[in-house]
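Shown next, in structure tokens, is the structure this report addresses.
Please treat every number below as a calculation from the coordinates, not as lab data. This is a predicted model, so every value here is computed, not measured. FYI the Cβ positions are ideal-geometry reconstructions off the backbone, even for glycines, and counts take in every protein chain you see.
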Amino acid sequence: MPLWWPLLLASVLFGIGVYGVLVRRNAVLVLMGVELMLNAVNINMVAFDTYFRDVLHGGQTFALFIIVIAAAEIGLALAIVLMVFRTHGHIDVDRLRSLADRDEPSVADRDDARAVEPVETSDLDRLDHRGSGLDHRGGVR
């Protein structure tokens, strides 16, 4: 088999993976794009290992390590995606801003935080044991 066949397949897979990472907004589809790129690298490793007839089979060994690392990466990434879905209710990577670095709050934000009035003790008496202030019918006590 000529060397360019697996290289062509790997380049097509890598291109589809890059497209999936750059264009998709869904975190699961981004992870699928990363997996496609890793599989394209595996195809290249095995193709060059076979083409050069390496005695130690270094390309196949590296491909095996890449498969193991990809399995660990996808397990950790899916756990993060599930945590993000539970906290935010979506997995749209463009809408996730809570994980970004934030600057310190401005002076106006700090002044607004100080302007909040304290809760009086009479208001605390109306709260139920869960602290919601609502009775079982949804009305305020």
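Laid out as a table, the results:
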| read-out | value |
| --- | --- |
| Region 4-88 - Kirkwood radius from inverse mean 1/r over Cα pairs (Å) | 13.9 Å |
| Ordering of 45-51, 16-22 by packing [mean C-beta count within 10 Å, highest first] | 45-51, 16-22 |
